[in-house]
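K.L.:
Once you've had a glance at the structure underneath, I'll fire off some questions.
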Amino acid sequence: MLEEVAEGVLVHESEFIQSNSVVVQGRDGVLLIDPGITGDEMSALANDLHELGQPVVAGFSTHPDWDHVLWHANFRDAPRYGTARCAASIQNLLSNADWKARIAEGLPPEYAEDIPMDLLGLITGLPADTAQIPWDGPTARIIEHQAHAPGHAALLIEERRVLVAGDMLSDILMPFLDLEAANPIEDYLAALRLFDSVADDVDAVIPGHGSVGGAGQLRARINQDRAYVRALRDGGVPDDPRVGPSAPLDWLPDVHRWQLQRLAQREQNETPK
């Protein structure tokens, strides 16, 4: 199931929107980032790691969306981390008696029966000043920002020159903004500037959904996402194949139109009368 994209960094791509689970090999086991979607996939991943003699010793969720906070019993009871804001967001959801029903509304029907929710979201929030994942392996620097979701974070695996980007820098999905935030446009542009600041230290970028890209593609994806967000800000039509007639997923143009509408409504509501 696993493809090595750099020394000691392996990726499993799910059939669900090309979701990427990332494995980083350490001294005594692996760091598992955004571990998977269906129960069968996660069970098979656990079996592969067992055969490699690589137990899961730590987990990390890049953000609180349901498809990034799943887990499987076969990964054992390794500590699972997220940023403090990420953990607070998912814990707020789990505090509602009907949280399973709320999540079920957004599950893809073709996968809904195969997605285990019993261990969903049981993550520990790292203190806000935590610079890296606490584990005995390659340094995984936390690059937190407010763009796609509360407490969203990328991880820079420094010795391996790999950027694990969460739900950003995708070749198949345009930027999905956190439209509940106070300044979604500026938040996203600020996050892209953070990625710019580490681009010279990256040879491979792994998005939450889509294809792994090389160093040149990282720069191109930053620029493409910046152009898209600026077009949203200005109410223009982005020159972006991810939302055009040849969009890789037929529902993306609808999401683009929805984002435009929401931003226009926000601007109208904020304009003094």
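The values are calculated or read from the model by the stated rules, or taken from the named source; none is laboratory data. From a predicted model like this one, the values you see are computed outputs, not experimental measurements. Neighbour counts run over all protein chains shown; Cβ positions are idealised from the backbone, glycine included. Heads up: the accessible areas ignore ligands, DNA and RNA and are worked out on the full protein's heavy atoms, side chains in. Shrake-Rupley method; radii C 1.70, N 1.55, O 1.52, S 1.80 Å.
K.L.:
What is the one condition in (1) touching a residue at least 40 places away in the same chain (Cβ under 8 Å); (2) within 15 Å of V5 (Cβ to Cβ); (3) surrounded by fewer than 22 Cβ atoms within 10 Å (Cβ to Cβ) that G214 does not satisfy?
P.N.:
Of (1) touching a residue at least 40 places away in the same chain (Cβ under 8 Å); (2) within 15 Å of V5 (Cβ to Cβ); (3) surrounded by fewer than 22 Cβ atoms within 10 Å (Cβ to Cβ), only one is false for G214: (1).
K.L.:
When you scan segment 1-89 for strands (runs of 3 or more DSSP E) that lie fully inside it, which ones turn up with 2 or more residues that are surrounded by 20 or more Cβ atoms within 10 Å (Cβ to Cβ)? Step through it out loud before you land on a result.
P.N.:
Numbers: elements: 3-6, 9-13, 20-25, 30-33, 56-60, 80-83.
Filter on segment 1-89 gives 9-13, 20-25, 30-33, 56-60, 80-83.
K.L.:
Still on this structure: If I filter segment 262-273 down to residues being farther than 14 Å from R233 by Cβ and surrounded by fewer than 11 Cβ atoms within 10 Å (Cβ to Cβ), which single residue comes out as modelled with the highest pLDDT? Walk me through how you get there before you give the answer.
P.N.:
Going residue by residue through segment 262-273, those that are farther than 14 Å from R233 by Cβ are 265, 268-269, 271-273.
Adding the requirement that they be surrounded by fewer than 11 Cβ atoms within 10 Å (Cβ to Cβ) leaves 268-269, 271-273.
Values: Q268: 79, N269: 76, T271: 64, P272: 61, K273: 55.
Result: Q268.
K.L.:
Right, next: Are any residues in segment 120-157 more than 16 Å from C86 (Cβ to Cβ), touching a residue at least 40 places away in the same chain (Cβ under 8 Å) and of a type outside the set (D, E), and if so, which ones?
P.N.:
W135, G137, P138, L156, I157
K.L.:
Let me ask something else about it. Take the residues of segment 95-106 that are part of a helix (DSSP H, G or I) and closer than 11 Å to W66 by Cβ: which is least open to solvent (accessible area, probe 1.4 Å)?
P.N.:
I103
K.L.:
Now for a different question. Of the residues that sit in segment 26-51 and are of a type in the set (S, T, N, Q) and within 24 Å of P64 (Cα to Cα), which one is modelled with the highest pLDDT?
P.N.:
Taking segment 26-51 first, the residues of a type in the set (S, T, N, Q) are 38, 43, 47.
From the residues that got through so far, the ones that are within 24 Å of P64 (Cα to Cα) too are 38, 43.
Details: T38: 90, S43: 94.
Per the stated criteria, the residue is S43.
K.L.:
Quick check on R242: is it closer than 14 Å to L177 by Cα, among the basic types (K, R) and either over 21 Å from the mean Cα position of the chain (by Cα) or in a loop (DSSP other than H, G, I, E, B) (or both)?
P.N.:
Values: closer than 14 Å to L177 by Cα: no; among the basic types (K, R): yes; either over 21 Å from the mean Cα position of the chain (by Cα) or in a loop (DSSP other than H, G, I, E, B) (or both): yes.
No; evaluated as a whole, the condition is false for this residue.
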